Amino acid sequence: MVMGPTGSGKTSFINHASGSQLRTNSGLMSCTDQIQIAGPFTLDEYSITLVDTPGFNDTVRSDAQILGLISDFVVAEYERGYRFTGILYFHRISDNRIGGAALRNFRFFRALCGNHALKSSAIVTNMWGEVSKEVGREREEELMRKDILFKPALDAGARLYRHEFNPESAHEILRRVIKNRPCTLLLQQEIVEQGKHISATAAGVAFLGELALVQQKYQDQLRELLKEIDEAIANHDEDDRVELEDGLQRLEAQEERRKAEERLIRDAPRYHTLEAGSWGPSLIFSVFAVSADFVWSAVSAFFRAAWLTLRGFCQDVGKRLTGA
Ligand SMILES: Nc1nc2c(ncn2[C@@H]2O[C@H](COP(=O)(O)OP(=O)(O)OP(=O)(O)O)[C@@H](O)[C@H]2O)c(=O)[nH]1
Ligand SMILES: [Mg+2]
C-alpha cells in the first residue's frame, strides 16, 4: 500500500512499478481521490498488486473522509484474511520545508501502522532530480536525524529508500519490500481484534486531537472577534463592524466544517462488513505475494467472519433483552 501527501509521487511510482497508466497530475489540485488498485504484475517470482491511496490534505476530500476510506479498506482486507506485505510512505526530497500537511500525513501513517507494522514499511524519497546531490543528502540526513521527522519510524524498523523516477528504481525498492512477512496494521488490530471504534484507535485519536486544537484556536479567535465587534459598535464604526461580522461568518463556517469532520469520525459505523471492499476476490488474491501464509489467512478469515457474525448476533440479542 502506498501512502503520502498529495503530489508526493505515489501514483507515478505505481505506474513505473506496474506499467499501469493511472492518472497523475502536475497541477495544484489533488489527483487521486479514491483508493485504486494497480496490477497484478509479476516481479521475479512474485505476483504484486499495489494499492494507491489519496493523501491527507487532499484538495477534493476532507481528512475525515480519507481516514474513513483508508480505514474501511484496510479493515475489509483484514476481515477477508489478507495482509499487506509492505507500506510505502512517499516524501519529496525537493521540499525545502516540511509543512503541516506533510507532518500530518506522516503522523497518520505512523498511527495507522503502529510500531510493529513499521518494520514492514519503507519511507521513499523521490524528486532527487530537482535538487543538487549535496542539498538532497543534507535533507535526507536531517529527515533521518530529527525526532519530529522520520527518526522515530526509522528507529522502529522502517527502511529509507530513494526512488529515481524510473521503473528499474521502483522495482529495486519493491524487491526489498516484497521479502517482508505480511503484517497487521495497528488500525486493523484495534478495530477488528480489539473491537475499538475508529475514534478510539491511534489514528482516530490523533485525528480528533488535531481537531481539538483547531477548535481551541476557533474559540480564541471568536473571543477576539466578538470583543472587536463590541468596540466597533461602541465607536459607531459601521465599516469596521461590517468587515468584522463578515470575518465572524467565515470563522463560523470553518467551525461548522470542523464539527462535520468530527461527526464523520465519531458517528462512523462501528464495524465494517465483509462486503466493505469493492474489488473482486481474484484481484485481492494478488495484493500479496503468494505464500504459505495464504492458507492460514483463508482459514482465519473464515473463523473471523463466523466470529463477527456471532458477535453481531449476540449484541442484537443483548440489546433486545436489555431494551437498549
Ligand atoms: N521530477 C520528478 N517528478 C515527479 C517524481 N514523482 C512524481 N513526479 C511528478 O509529480 C507530479 C505528482 O505526481 P503524482 O504521482 O500524481 O502524485 P500523487 O502522490 O499520486 O498525488 P495525488 O494523487 O494528488 O495524491 C506529477 O507531475 C509527476 O510526474 C519524481 O521522482 N521526479
Ligand atoms: Mg495520485
Quick count over the range 51-76, residues being part of a loop (DSSP other than H, G, I, E, B) and either within 16 Å of ligand 2 (Cβ to nearest atom) or under 16 Å from Ser8 (Cα atoms) (or both), is 9
Considering residues that are of a type in the set (Asp, Glu), without any contact (Cβ under 8 Å) to a residue 24 or more places away in the chain and not in a helix (DSSP H, G or I), the number found within the range 134-177 is 1
Tyr82: passes all of (1) within 15 Å of ligand 2 (Cβ to nearest atom); (2) out of contact with any Leu (no Cβ under 9 Å at 6 or more places or on another chain); (3) hydroxyl-bearing (Ser, Thr, Tyr) but (1)
Requested in this report: Return a yes/no flag: does the range 160-173 have any residue that is within 26 Å of Ala64 (Cβ to Cβ), surrounded by 19 or more Cβ atoms within 10 Å (Cβ to Cβ) and in contact with a His (Cβ under 8 Å, 6 or more places away or on another chain).
Outcome: no
Filtering the range 216-242 down to residues that are closer than 29 Å to Glu262 by Cα and exposed (fewer than 15 other Cβ atoms within 10 Å of the Cβ) yields Gln216, Lys217, Gln219, Asp220, Leu222, Arg223, Glu224, Leu226, Lys227
Report task. Could you tell me whether Glu79 is surrounded by fewer than 20 Cβ atoms within 10 Å (Cβ to Cβ), more than 9 Å from ligand 1 (Cβ to nearest atom) and not hydrophobic (A, V, I, L, M, F, W, C)? Result -> no
Output yes when any residue across the range 132-151 is surrounded by 16 or more Cβ atoms within 10 Å (Cβ to Cβ) and small (Gly, Ala, Ser), and no when none is. yes
For the range 29-50 the number of residues that are more than 8 Å from ligand 1 (Cβ to nearest atom), closer than 24 Å to Phe106 by Cβ and not in a strand (DSSP E or B) is 2
Exception for Ala206 within (1) assigned to a helix (DSSP H, G or I); (2) at pLDDT 95 or above falls at (2)
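Assess whether Glu210 counts as being touching a residue at least 60 places away in the same chain (Cβ under 8 Å) and either closer than 19 Å to Gln65 by Cα or loosely packed, with under 13 Cβ neighbours inside 10 Å (or both).
Answer is yes for this residue.
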Note on the range 103-127: residues of a type in the set (A, V, I, L, M) and touching a Lys or Arg at 6+ places or on another chain (Cβ under 9 Å) are Leu118, Ala122, Ile123, Val124, Met127
Taking first residues from the range 2-25 that are farther than 18 Å from Gly39 by Cβ and of a type in the set (Val, Ile, Thr) and second residues anywhere that are in a loop (DSSP other than H, G, I, E, B) and more than 7 Å from ligand 1 (Cβ to nearest atom), the pairs with Cβ under 8 Å that are 6 or more apart or on different chains are Thr6/Asn57; Thr6/Thr59
Looking across the range 50-92 at residues that are among the acidic types (Asp, Glu) and more than 24 Å from Arg176 (Cα to Cα), the single one that is modelled with the lowest pLDDT is Asp58
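Which residues, counting only those in the range 1-28, are in a loop (DSSP other than H, G, I, E, B), within 11 Å of ligand 2 (Cβ to nearest atom) and of a type outside the set (D, E, K, R)?
Answer for the range 1-28, where residues must be in a loop (DSSP other than H, G, I, E, B), within 11 Å of ligand 2 (Cβ to nearest atom) and of a type outside the set (D, E, K, R): Gly4, Pro5, Thr6, Gly7, Ser8, Gly9, Leu22, Thr24, Asn25.
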Among Asn115, Asn180, the single one that is assigned to a helix (DSSP H, G or I) and in contact (Cβ under 8 Å) with a residue 24 or more places away in the chain is Asn115
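The values are calculated or read from the model by the stated rules, or taken from the named source; none is laboratory data. Note that the structure is a prediction, hence the values are computed from the model and not measured. With ideal geometry, Cβ positions are generated from the backbone for all residues, glycine too; neighbour counts draw on all protein chains shown.
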